[in-house]
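> Following this message is one structure expressed as structure tokens.
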Amino acid sequence: MKTSMASNIVERVQYPLDSSSYKIIDEIGAGNSAVVYKAICIPINSIPVAIKSIDLDRSRPDLDDVRREAKTLSLLSHPNILKAHCSFTVDRRLWVVMPFMAGGSLQSIISHSFQNGLTEQSIAVILKDTLNALSYLHGQGHLHRDIKSGNILVDSNGLVKLADFGVSASIYESNNSVGACSSYSSSSSNSSSSLMFTDFAGTPYWMAPEVIHSHNGYSFKADIWSFGITALELAHGRPPLSHLPPSKSMMLNITKRFRFSDFDKYIYKGHSGGSNKFSKAFKDMVASCLNQDPAKRPSAEKLLKHSFFKNCKGPEFLVKNVLNGLPSVEKRYKEIKVTMGADSNGNDDDGDDDENSVVNVKQRRISGWNFNEDGLKLEPVFPKDPCREDHDVVKQVRFEEENAIQVEEDVASSGTVIDANLNASDEVDIDDVSGVVKNREATLATLSVLKGSLEQELGQVKFLMSLIGGNGEENHVAESEEKTVKEISKLRMELETERKKNLQLELQLENIKLHLISSTANSPTS
Amino acid sequence: MKGLFKPKPRTPIDIVRQTRDLLIFFDRSTETRDSKRDEKQMVELCKNIRELKSILYGSSDSEPVSEACAQLTQEFFKEDTLRLLIKCIPKLNLEARKDATQVVANLQRQPVQSKLIASDYLEKNMDLMDVLIAGYENTDMALHYGAMLRECIRHQIVAKYVLNSPHMKKFFDYIQLPNFDIAADAAATFKELMTRHKSTVAEFLSKNYEWFFADYNSKLLESSNYITRRLAVKLLGDMLLDRSNSGVMTRYVSSRENLRILMNLLRESSKSIQIEAFHVFKLFAANQNKPPDIISIFVANKSKMLRLLDEFKIDKEDAQFEADKAQVMEEIAALEA
């Protein structure tokens, strides 16, 4: 009934690779460094397309991320994944041409017409398709790393597609700067699978060692957590905790026990609804995704078999019950622009605003929710943050964010966020020792990376010195040597400071340990 | 009772052999004849390739076994399987192509009795590199062949072959292909070629200095394509600042024409390009044996350069950059005709 699969690939339509073949109709989304347009492709019967135009000159220090995203998009092929028709550069911008999704993102749909959430039947359709996409993606060795309603799009036929691979990662993508050789072939002692996330060369500064050594299931399960949060977002119209003030104690309380039944008590406090309107199957499904232990969260494939998705309706159900009567994406975007101001978070088709700057992130899209800072507190996902798998660490960094930003600017020259980690662990309570231990490891890793880079710099300085000195006249040598010596001693001092900080941390940790031991030793007897 | 009828599990060697047989079958069949039988065989082939992949990478519930990996690798390179696989990739579906790419990538790093036998195989089959490189001219194959190529040039001997092949010149065009994903892939391969194996690169650059930098300047640094200029100036800095290329660097910074190009890049409106250009420009100024024509350019443009540098700020504070800048300005200010 079908010709061979290979010919399917060859027969795909080739979209033109020049901007003059497209006519921009309307802006439908914007982020920090990207704008999304609705456009038509003139040579192909004026078919509507979405064009994501990414400013390549802004903030991206390395174009490798962009390359990876483009590659991911061109090599993925699944009905529930929004793929790119093509991509090409237009001066300083990269145009990614994608199918136009007339319904826009679910975040935009919810905030426009379903502020108290969608019905369970609609949610089931959306989540099932999202899971299909996730299951395919994970099978391909990819992590999405940014699952949220803002990245789930619907077309006019009610077909759901997962979008935005700006921060996705692949476990197969090898990184040249790391001797990844062994991590593929030789088995490491403490992991049960070799499908490790070895993509570690880019920005390893704040990556926790347990993330690097985590096995496959662990890293993929971060997407499952986000999927669970997305389910809540669809059910309530907004992500959990969005009404809470940033409060550490609350934070810790909730993250310890994060069950569906708690949501009405804590998470959606003050808002009507109540969990009664949701079925047991739904609650059970969400609860399984939000298990604190990643190993206990089901895989995407397993989730698909959950009873919640039995008798799931088809796309036409969404057309009738969700899309019907909805204003166009363009219109909704304009409304948001008017109410929230041009540069706030109206990125319904999601501009690619996951930049490196924490300051930007904080104001624009801290996490997956496009909400204000209250909303981020629970969200375990930091755009760009490679260690999002580890919720403990991430969370602690998170609520110290305010400080972290401050300090980070001071150490900007060394290009690390080491102080975010340091700060976070400074603030940790005794009752969260495990977090400290992890944080300590992270800090140690960060420090050793920093040390490495300082040493490298030192080497470079020495090299330049010998180079200039080798050809130069006597007094020039003396002069530049003096400078270099100063430079070196400066670097040494920096290194020393970091070492001291590390030592303090270690001492602190010892203290906490002692405390813990004495308290546990006391408790059984008393 | 089920166990009774379970087929005996195939060994890695069995799977490689069966894959090879199927590849030979498809290699011989000229055009896809679309018969039912072909389709069945194709399904079987794709299944085998996937199995090879899961042996090499492990799966969600099993770690790869180094013994099995070694057996697989040995059997794979015992005969011409790699050539067959590369030739047949266009006949596979997308998923199988990706699997095959990952298999080939992984095999490059598989030690057999602590030897990388992939390197030995490729040494005798260097023409396969020609096939892979030409892949950049085929939209459907480019990303698969490109990924394989990048893995193969991890072997120094292979990188050396590619560097000294006539294909090297083609990279200047591949980097600027209109398809961004393909162009970016070619750029990644080019960068790998020019930075990975230090001694080979240094030898290549000193032998091919003339044409290489003539092309590099005119086709890349002066390209009309923003992304090409940006990648090229960054890579130039990486190459010249590498210790092993110090001879090439000295030669590069003694050329008036090169200085002119870098000065133009320094004046670009793109911050990213400016910053990268500065890291190369500073080498011209730091050179203590400046030829007279370089000095005369510096002297003639002294006030303009100093003004430009003075106003040149980067967004985040960078002590290293500031120190470099101060030194460069000092150098320039001190120059007399």
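The values are calculated or read from the model by the stated rules, or taken from the named source; none is laboratory data. Predicted, not measured: the structure shown is a model, and the values here were computed from it. All Cβ positions, glycine included, derive from the backbone under ideal geometry; neighbour counts span all protein chains shown. When the accessible area is computed, the model is the full protein with side chains, heavy atoms only, and any ligands, DNA or RNA have been set aside. Shrake-Rupley method; radii C 1.70, N 1.55, O 1.52, S 1.80 Å.
> Before we move on, is B:PHE284 open to solvent by less than 10 Å² (accessible area, probe 1.4 Å), of a type outside the set (Lys, Arg) and within 14 Å of chain A (Cβ to nearest Cβ)?
Answer is yes for this residue.
> Just checking, does region A:74-86 include any residue being open to solvent by less than 30 Å² (accessible area, probe 1.4 Å), at pLDDT 95 or above, farther than 24 Å from A:ASN151 by Cβ and in a loop (DSSP other than H, G, I, E, B)?
No, every residue in region A:74-86 fails to be open to solvent by less than 30 Å² (accessible area, probe 1.4 Å), at pLDDT 95 or above, farther than 24 Å from A:ASN151 by Cβ and in a loop (DSSP other than H, G, I, E, B).
> Looking at region A:223-244, which of the residues that are surrounded by 24 or more Cβ atoms within 10 Å (Cβ to Cβ) and at pLDDT below 85 is nearest to A:ILE152 (Cα to Cα)?
Within region A:223-244, the match that is nearest to A:ILE152 (Cα to Cα) is A:PRO239.
> Being within 14 Å of chain A (Cβ to nearest Cβ) and over 25 Å from B:LYS316 (Cβ atoms) is the filter here; which residues of region B:230-241 pass it?
Answer for region B:230-241, where residues must be within 14 Å of chain A (Cβ to nearest Cβ) and over 25 Å from B:LYS316 (Cβ atoms): there is none.
> Out of all the residues in region B:55-78, is one or more touching a residue at least 24 places away in the same chain (Cβ under 8 Å), at the interface with chain A (Cβ under 8 Å from one of its Cβ atoms), surrounded by fewer than 18 Cβ atoms within 10 Å (Cβ to Cβ) and touching a helix residue (DSSP H, G or I) at 6+ places or on another chain (Cβ under 7 Å)? Spell out the reasoning first.
So the first thing to find is which residues in region B:55-78 are touching a residue at least 24 places away in the same chain (Cβ under 8 Å), and the list is B:55-57, B:68-77.
Keeping just the survivors that are at the interface with chain A (Cβ under 8 Å from one of its Cβ atoms) gives B:56-57, B:69.
Those left that are additionally surrounded by fewer than 18 Cβ atoms within 10 Å (Cβ to Cβ): none.
Among the residues of region B:55-78, not one is touching a residue at least 24 places away in the same chain (Cβ under 8 Å), at the interface with chain A (Cβ under 8 Å from one of its Cβ atoms), surrounded by fewer than 18 Cβ atoms within 10 Å (Cβ to Cβ) and touching a helix residue (DSSP H, G or I) at 6+ places or on another chain (Cβ under 7 Å), which makes the answer no.
> I'd like to check something: does region B:137-147 contain any residue that is assigned to a helix (DSSP H, G or I) and more than 14 Å from chain A (Cβ to nearest Cβ)? Don't jump to the end; show me each part of the working.
At the first step, the residues of region B:137-147 found to be assigned to a helix (DSSP H, G or I) are B:137, B:142-147.
Of the ones still in play, those that are also more than 14 Å from chain A (Cβ to nearest Cβ) are B:137.
For region B:137-147, residues assigned to a helix (DSSP H, G or I) and more than 14 Å from chain A (Cβ to nearest Cβ): present.
> Have a look at B:TYR174, B:TYR161 and point out the one that is open to solvent by less than 20 Å² (accessible area, probe 1.4 Å), among the aromatic types (Phe, Trp, Tyr) and not assigned by TED's automatic domain parsing to the domain that holds B:SER223.
When all the criteria are applied, what remains is B:TYR174.
> Only residues that are in a helix (DSSP H, G or I) and over 22 Å from B:ALA186 (Cβ atoms): list them for region B:228-244, please.
If the condition is that a residue be in a helix (DSSP H, G or I) and over 22 Å from B:ALA186 (Cβ atoms), then B:ARG243, B:SER244 are the ones that fit.
> Something else: Scan region A:36-63 residue by residue and report those that are open to solvent by less than 50 Å² (accessible area, probe 1.4 Å) and at pLDDT below 90.
Selection gives A:ILE54, A:ASP55, A:LEU56, A:ASP57, A:ARG60, A:LEU63.
> What tally of residues in region B:201-219 results from selecting those that are within 18 Å of B:LEU283 (Cβ to Cβ) and surrounded by 15 or more Cβ atoms within 10 Å (Cβ to Cβ)?
At the first step, the residues of region B:201-219 found to be within 18 Å of B:LEU283 (Cβ to Cβ) are B:201-202, B:205-206, B:209, B:212-213, B:216-217.
Add one more test, that the residue is surrounded by 15 or more Cβ atoms within 10 Å (Cβ to Cβ), and what stays is B:201-202, B:205, B:212-213, B:216-217.
Total meeting the criteria: 7.
> Can you name the residue in region B:105-136 that is of a type in the set (Val, Ile, Thr) and away from chain A (no Cβ under 12 Å) and is also farthest from B:GLN71 (Cα to Cα) among such residues?
Of all residues in region B:105-136, those of a type in the set (Val, Ile, Thr) come to B:112, B:117, B:131, B:133.
Applying the additional criterion that residues be away from chain A (no Cβ under 12 Å) yields B:117, B:131, B:133.
Working: B:ILE117: 12, B:VAL131: 27, B:ILE133: 29 Å.
Of everything passing the filter in region B:105-136, B:ILE133 is farthest from B:GLN71 (Cα to Cα).
One line per residue, one yes/no per condition, for (1) of a type in the set (Phe, Trp, Tyr); (2) within 9 Å of chain B (Cβ to nearest Cβ); (3) more than 21 Å from the chain's Cα centre (by Cα):
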| site | (1), (2), (3) |
| --- | --- |
| A:ARG67 | no, yes, no |
| A:LYS71 | no, yes, no |
| A:SER74 | no, yes, no |
| A:ASN80 | no, no, no |
| A:SER87 | no, yes, yes |
| A:GLY104 | no, no, no |
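> Looking at A:GLU510, is it at pLDDT 65 or above, among the acidic types (Asp, Glu) and either within 30 Å of B:ALA326 (Cα to Cα) or assigned to a helix (DSSP H, G or I) (or both)?
yes
> Counting just the residues of region B:287-323 that are under 20 Å from B:ASP238 (Cα atoms) and surrounded by 18 or more Cβ atoms within 10 Å (Cβ to Cβ), which one comes out farthest from the chain's Cα centre (by Cα)?
B:ASN287
> Another question about this same structure. Could you run through region A:118-139 and say how many residues are farther than 19 Å from A:LYS310 by Cβ and buried (at least 21 other Cβ atoms within 10 Å of the Cβ)?
Number satisfying all stated conditions: 3.
> Next question. If a residue must be over 12 Å from the mean Cα position of the chain (by Cα), part of a helix (DSSP H, G or I) and not charged (D, E, K, R), how many such residues does region B:159-181 contain?
Residues in region B:159-181 being over 12 Å from the mean Cα position of the chain (by Cα), part of a helix (DSSP H, G or I) and not charged (D, E, K, R): 5 in total.
> Now, a different point. Inside region B:246-281, can you point out the residues that are open to solvent by 50 Å² or more (accessible area, probe 1.4 Å), closer than 20 Å to B:SER218 by Cβ and within 14 Å of another protein chain (Cβ to nearest Cβ)?
Passing the criteria: only B:ARG251.
> Something else: Quick one: in region B:79-104, of everything that is facing another protein chain (nearest Cβ under 7 Å) and crowded, with 20+ Cβ neighbours inside 10 Å, which residue is farthest from B:LEU45 (Cα to Cα)?
Among those that are facing another protein chain (nearest Cβ under 7 Å) and crowded, with 20+ Cβ neighbours inside 10 Å, it is B:GLN102.
> Can you give me the number of residues within region B:293-314 that are within 14 Å of another protein chain (Cβ to nearest Cβ) and more than 16 Å from B:HIS279 (Cα to Cα)?
Number of matching residues: 1.
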